[in-house]
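Any read-out appearing in this document is the output of simple, stated calculations on the displayed coordinates, not a laboratory observation. Since the structure is predicted, the reported quantities are computational estimates derived from the model, not experimental observations. With ideal geometry, Cβ positions are generated from the backbone for all residues, glycine too; neighbour counts draw on all protein chains shown.
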Amino acid sequence: MIPKKQLEEIKNELIECQNPFFFFHDDDDGLCAFLLLSRFKGEGKWHMVKPRPYIDGSFARFVPDDCDKVFILDIAVVKQEFVNEIKKPVVWIDHHTPLKISKCRYFNPRIKHPRAYVPASAICYEAIRQDLLIGALGTIADGGKNLGFLNESFRKYKSLIGKYRKPFDIAYKTEFGRLIRILSFNLNGKTNDIRKSVGIFIKEKDFQNFLNPSTKDEKFVHGRYELADEEYKKVLADALSVKSGDVFVFIYMPGRITFGGDIATEIPYRLPGKKMYIIAREKSGRMQCSLRSNKINLLKFLERAFKKIEGYGGGHPVAAGCSVRKEDFEKFVEMAKEEK
């Protein structure tokens, strides 16, 4: 975990600024990390980074002139050119493979503990100690476990979590898991709808209300979830019907919403034991892939694969994403089958 001194430094970085700007990844972990800091501060504009956690110089255009500090949350790659161009203090909180960057306050537990797995939302919660439910939602959604504050959430939200303690059991067998999906599904769709949902999340006093909504805003969030969930269940059913060997491959046609990451996370839970899971969709002549594996290191696999085909991607050893040319996809799958 992040040392107590660094957690205090994160909190102070937030307290000492007047008009922060936030970048965060488009998943539950990134969203919850942002919500924790922005709700604590009560100030700040934001931009959600999709479809891949990568910030280069082109992202400088999103930073307003009156911003006095930039927070980057759950983003795997930040290029030095971005920090150099915006000429503002940058605080980067992440848990992917550590990178070297200057002129930036960089907080990542893997710098000193390479095998640590501490989601960004867990780091942010430990720094501010406010909004326990939001911290637990982002952490469990991202597969975080064995973190002290989760025991507190298990007690406080027993009615939602029940007897379950493993992240994926909680995600797929409980009302807490339904709340995770409500957040996740509201990060897809039209930009204006996403911004409205995030605005509602920032203001909502109790996220449990999204399970049984009563206000107009809560019903808006829940309605978007219901529409997406109906579509998701159809895609999931198609995926579960696929017959495959040691490498599970599912190519789907996205409708209003893309579900690659969600499907890639649930399929290994429903169909365990495969060497690798590849969930892919075509976009602009490329195959956008979500990868999962508990048997091989996906980052090392991608590193080797990109020496033979053109592509890019990253993430974690057990969960990653990548993009390859459509014409290279078959070769990419064959390399996955050959991987040991």
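Annotations
- Near Gly311: Cβ cut-off under 13 Å, other residues only, Lys/Arg at +1 and Asp/Glu at -1. The net charge is +4.
- DSSP H segments from the chain that extend 20 Å or more along their own axis, Cα-based, with Kyte-Doolittle mean of -1.0 or above: 216-240
- In order through segment 86-102: 3J(HN,Hα) via Karplus (6.51 cos²θ - 1.76 cosθ + 1.60), integer Hz, x for Gly, Pro: 7, 6, 10, x, 10, 10, 10, 10, 8, 9, 8, 4, x, 10, 9, 8, 10
- Summing +1 for each Lys or Arg and -1 for each Asp or Glu among the other residues whose beta-carbon sits under 13 angstrom from that of Glu230 gives +2.
- A cut-off of 5 Å between modelled amide H atoms, ignoring neighbours fewer than 5 places along the same chain, links Ile278 with Phe248, Val249, Phe250.
- Averaging the sequence gap over all C-alpha pairs within less than 8 Å and six or more residues apart, then dividing by the number of residues, gives the chain a relative contact order of 11 percent.
- Segment 56-141, relative contact order in percent, only Cα pairs under 8 angstrom and at least six apart counted: 22
- Within the same chain, lysines fewer than 8 places from Lys158 are excluded, and of the rest, those with a Cα less than 22 Å from its Cα are Lys145, Lys166, Lys173, Lys205.
- Ellipticity at 222 nm from helices only: DSSP H runs of n ≥ 4 in the chain, each -39500 (n - 2.57), divided by the residue count, give -13500 deg cm²/dmol.
- Under conditions of 4 °C and 1.567 mPa s, the chain yields 63 µm² s⁻¹ as its translational diffusion coefficient, taking Rh as the Kirkwood radius over Cα pairs in the Stokes-Einstein equation.
- Cα gyration tensor category, rounded, prolate or oblate, for segment 157-241 with a/c compared to 1.5: oblate
- Rg ratio (alpha-carbon, reference 2.2 N^0.38 Å) - segment 224-321: 1.08
- Dipole magnitude of segment 243-338 about its Cα centre (Cβ charges: Lys, Arg +1; Asp, Glu -1), debye to nearest 20: 80
- Proximal aspartates and glutamates relative to Lys88, as straight alpha-carbon distance under 20 Å, when same-chain residues fewer than 8 apart are discounted: Glu9, Glu13, Glu16, Glu43, Asp56, Asp65, Asp66, Asp68, Asp74
- At most 15 other Cβ within 10 Å, DSSP loop - chymotrypsin sites (Phe, Trp or Tyr not before Pro), segment 258-338: Phe306
- Overall form of segment 153-298 per C-alpha gyration tensor (a/c, 1.5; a/b vs b/c): oblate
- With neighbours defined as other Cβ atoms within 10 Å of a residue's Cβ, the residues Ser38, Ser323 order from fewest to most as Ser323, Ser38.
- Taking other Cβ atoms within 10 Å as a rough exposure proxy, Phe62, Phe207, Phe185 sort from fewest to most as Phe62, Phe207, Phe185.
- Ranking of Thr191, Thr258 by neighbouring Cβ atoms within 10 Å, starting from the fewest: Thr191, Thr258.
- Look at the alpha carbon pairs under 8 Å that are at least 6 residues apart: their mean separation over the length of segment 22-95 gives a relative contact order of 35 percent.
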